[in-house]
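No lab work stands behind these numbers, since they all come straight from the coordinates. These figures come from a predicted structure and were not determined experimentally. Please note: Cβ atoms are built from the backbone with ideal geometry, for glycine as well, and neighbour counts cover all protein chains shown.
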Amino acid sequence: MKKFLSKKFLFFAAIVSVVFIYLVLLEPVARFLIVDDPPKPSESLVVLGGGLGVHRVIHAVKLYEKGIAPIIILTGQEMEFDGRKIRFKDIKLTEPRFAGMLAKLYGIPEDNLFLEERSQNTYEDAKYVKEDLLKMGIRSAIIVSDPFHMRRVSMIFRKVFKDTPVSLTFSPANDSGFLLDGWWSPGEIRYILSEYVKIVYYTIRY
């Protein structure tokens, strides 16, 4: 009987611990990933690639429509589906091209959109955007990405841009739904844990 009660207590304690971690600890751990600066007038908006990136583009369009910045720079790599590149008659579809098409549907003039298609990861986003901004004589930029991505983005961009005159602010696409309902799916938890692993990797690697 004692053995049974002991097992029952351990099972109950385990359940309570999991619920505590999920409901109490997960939110601050997730919230730490968000870097959200007050938006201020800048010379450019930079939307980082990542899949379809619809929420990121919409967020940038809203800032553009408010007159926060006059141009939008879109970054990213060639798009894939099930591990295969998406091409049509040998024309490759990249994340910036898709984002550009979406931005134009929302009324952004083509002349106000710039595509940066060389980058393969967040570090290269920063590296190539730095080249583009300095070449264009731009001294300020608002960096847009998903909320859970922003801590790593801010770390990398600040490091890459530290010896430049370019002022950076960071604006997460808050309408992505991240942390809005207080209940996380396994996929969202996986994103959170993955970001912490990537932060450690980027800190060591770069």
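Taking amide H as placed 1.01 Å from N in the peptide plane, the amide H of Leu115 sits under 5 Å from that of Leu74, each at least 5 places away or on another chain.
Can you give me the long-range amide H partners of Thr94? Hydrogens built in the peptide plane at 1.01 Å from N, cutoff under 5 Å, separation of 5 or more residues or another chain. Long-range HN contacts for Thr94: Met79.
Here each label is just a point 7 Å from Cα along the line to Cβ, and for Arg118 and Leu105 those points are 3.0 nm apart. In terms of the mean number of neighbouring beta-carbon atoms within 10 Å, the peptides 133-141, 166-174, 68-76 order highest first as 68-76, 166-174, 133-141.
Pairs to check: Lys104/Lys130; Lys135/Lys198; Lys66/Lys159. Give those whose C-alpha atoms are more than 27 Å from each other in this structure.
With Cα atoms farther than 27 Å apart: Lys135/Lys198; Lys66/Lys159.
Compared with the direct C-alpha span, the chain from Lys135 to Tyr206 gains 23.2 nm at full extension, assuming 0.36 nm per residue.
Close amide H partners of Leu45, meaning residues 5 or more places away or on another chain with modelled amide H under 5 Å apart, are Ile71, Ile72, Ile73, Ile142.
For Thr122, neighbours were defined as the other residues whose beta-carbon sits under 12 Å from its Cβ, and their charges (Lys and Arg +1, Asp and Glu -1) total +2.
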